[in-house]
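The values are calculated or read from the model by the stated rules, or taken from the named source; none is laboratory data. A quick note: this is a predicted structure, and the numbers were derived from the prediction, not measured. Using ideal geometry, Cβ is built from the backbone for each residue, glycine included, and neighbour counts are taken over all protein chains shown. Just so you know, the surface numbers come from the protein's heavy atoms only, side chains and all, with ligands and any DNA or RNA stripped out. Shrake-Rupley method; radii C 1.70, N 1.55, O 1.52, S 1.80 Å.
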Amino acid sequence: MAFSGNAPPQLAVTRELVERGHEVRVLAHRTARARVERTGAEFVEFQRAHPDFDITHRHTDSIRDWESRTRMGAGMRMLKNGLFAFVVDVSSECAEQLERWPADVVVFDWLFTGAAVAAEAAGLPSFALVHCPYPLPVDGAPPLFTGLRPLDGRIGALRDRLFGGVATRLLARGMPLLDKARSERGLEPLENWAAQLLGAREICVMTAPELDFSSRGALPPNVRYVGPAFEPYAREWRSPWPEANRDPLVLVSFSTSYMNQLALAQRVLDALAGLPVRALLTAGPALDAQALRIPANARTVAYIPHRTVLPHAALVVTHSGWQTVNAALADGVPLVCVPDGRDQPDNAARVVAAGAGVRVNKNASPTKLRKVIAQALEDPALKRGASEMARALARSDGAQTIAESIERLGSLERIPAPK
């Protein structure tokens, strides 16, 4: 299990399995210990697979894609340092754990491909948890990490095949490491990286199909949209403003991982300073609130569950992290998306296509941001789009759906809670 914005849905699945009476062991980096143990699962720390991995601070981030000057360069750093770098050690450590602790099923973060290798070698069914839009190329949809929206007709098909081919070739750069991991487990080489992920029993995309372009394409039969999964959160929120202040509440959030986002956060706060709103910035571990100029109409908190605040919010201004997008839309709150990197331009494209938000360049001035935010607050069409997505996301609880799929394997049964 990897930890940053991908953590909340995986923790929700972990908690659901524990509460159903299953014995759950989580292999993760040491920074995840406290959060994993709060679910009731047993935590096991990686020993070789970058045990100090922590992308929440500038000085600890080993991916460092934010240092690149181009999207292609950032993408290559993400692949090299965030996907390829883990496959061999994760495979060997998962295999060792399975030898010591015979499991019935392996549930893994799709970025930890090595876990799928270990599960295959052990002859165990595996479930891949996808905490972003579907990540592999699909006919009929633009590939992830392009930031593109669907384009109909021959030109769109040609464009998508072109970018899909590029994505496949980039993933091919990691094949020597994947083949090494498979060889160490006594497995034959594969033709491509995608084949390892596609070998899972189920690939669980943790959102609604209406929010992902790939759902319109020809998906493999083991890909399933299971709905979002959220950790438990407090239902009551005490506003830090006087009760008489009824200005619209704007929630501002810019990632739990470090992406050099301080200047962007400051421009957004400067933009909000000129509007009749209440602005709440959740700084998280990646932003130093002490380094920001906080306007009179804004407040900052280190952390608060977004879904605690969202029922009171009129708008979310965000980097477009996938969990923030799903949380906001689950409560029917429109978004102003200011994507920074990684899958964020893709997430913003999906929000805009759903009619649930707008997108603005991350280098926009405070004046431009102020105008976009003011217009979004006054646009009823965005609220209607967000409400429609809320209904789609409410159809299925991802954690429950995944747990039920695991229990249907036959060897696992839900253990009734003691009366």
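The figures follow:
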| quantity | calculated |
| --- | --- |
| Residue list for the range 350-372, restricted to those being part of a loop (DSSP other than H, G, I, E, B) and on the phi < 0 side of the Ramachandran plot | A354, A356, V360, N361, K362, N363, A364, S365 |
| Residues located in the range 324-349, provided they are surrounded by 24 or more Cβ atoms within 10 Å (Cβ to Cβ) and part of a helix (DSSP H, G or I) | T324, V325, N326, A327, A328, L329, Q344, D346, N347, A348 |
| Sole exception among (1) farther than 25 Å from R69 by Cβ; (2) touching a His at 6+ places or on another chain (Cβ under 7 Å); (3) not β-branched (V, I, T) for N326, by number | (2) |
| Residue check for A390: under 24 Å from P311 (Cβ atoms), in contact with a Leu (Cβ under 7 Å, 6 or more places away or on another chain) and either open to solvent by less than 30 Å² (accessible area, probe 1.4 Å) or modelled with pLDDT under 95 (or both) | yes |
| The lone exception for N222 - which of (1) in contact with an Asp or Glu (Cβ under 9 Å, 6 or more places away or on another chain); (2) surrounded by 16 or more Cβ atoms within 10 Å (Cβ to Cβ); (3) modelled with pLDDT of 95 or more it fails | (2) |
| Looking only at the range 195-216, and only at residues there that are open to solvent by less than 20 Å² (accessible area, probe 1.4 Å) and either of a type outside the set (A, V, I, L, M) or assigned to a helix (DSSP H, G or I) (or both), the one that is nearest to N326 (Cα to Cα) | T207 |
| Single condition Q290 does not satisfy, out of (1) assigned to a helix (DSSP H, G or I); (2) in contact with a Gly (Cβ under 9 Å, 6 or more places away or on another chain); (3) open to solvent by 10 Å² or more (accessible area, probe 1.4 Å) | (2) |
| Pairs with Cβ under 8 Å, 6+ apart, first in the range 50-72 and under 21 Å from Y303 (Cα atoms) and among the hydroxyl-bearing types (S, T, Y), second part of a loop (DSSP other than H, G, I, E, B) and open to solvent by 80 Å² or more (accessible area, probe 1.4 Å) | T60/D52 |
| Every residue from the range 379-393 that is in contact (Cβ under 8 Å) with a residue 12 or more places away in the chain and over 13 Å from R350 (Cβ atoms) | D379, A381, L382, K383, R384, S387, E388, A390 |
| The lone exception for L144 - which of (1) out of contact with any helix residue (DSSP H, G or I) (no Cβ under 8 Å at 6 or more places or on another chain); (2) assigned to a loop (DSSP other than H, G, I, E, B); (3) of a type outside the set (K, R); (4) buried (at least 17 other Cβ atoms within 10 Å of the Cβ) it fails | (1) |
| In the range 265-286, residue nearest to Y303 (Cα to Cα) [restricted to those that are part of a helix (DSSP H, G or I) and open to solvent by 10 Å² or more (accessible area, probe 1.4 Å)] | Q266 |
| Matching strands (runs of 3 or more DSSP E) fully within the range 12-116 where at least 1 residues are open to solvent by 10 Å² or more (accessible area, probe 1.4 Å), hydroxyl-bearing (S, T, Y) and farther than 24 Å from Q323 by Cα | none |
| From the options R169, R149, R182, residue that is outside any loop (DSSP other than H, G, I, E, B) and modelled with pLDDT under 95 | R169 |
| Residue list for the range 117-127, filter: in a helix (DSSP H, G or I) and small (G, A, S) | A118, A119, A121, A122 |
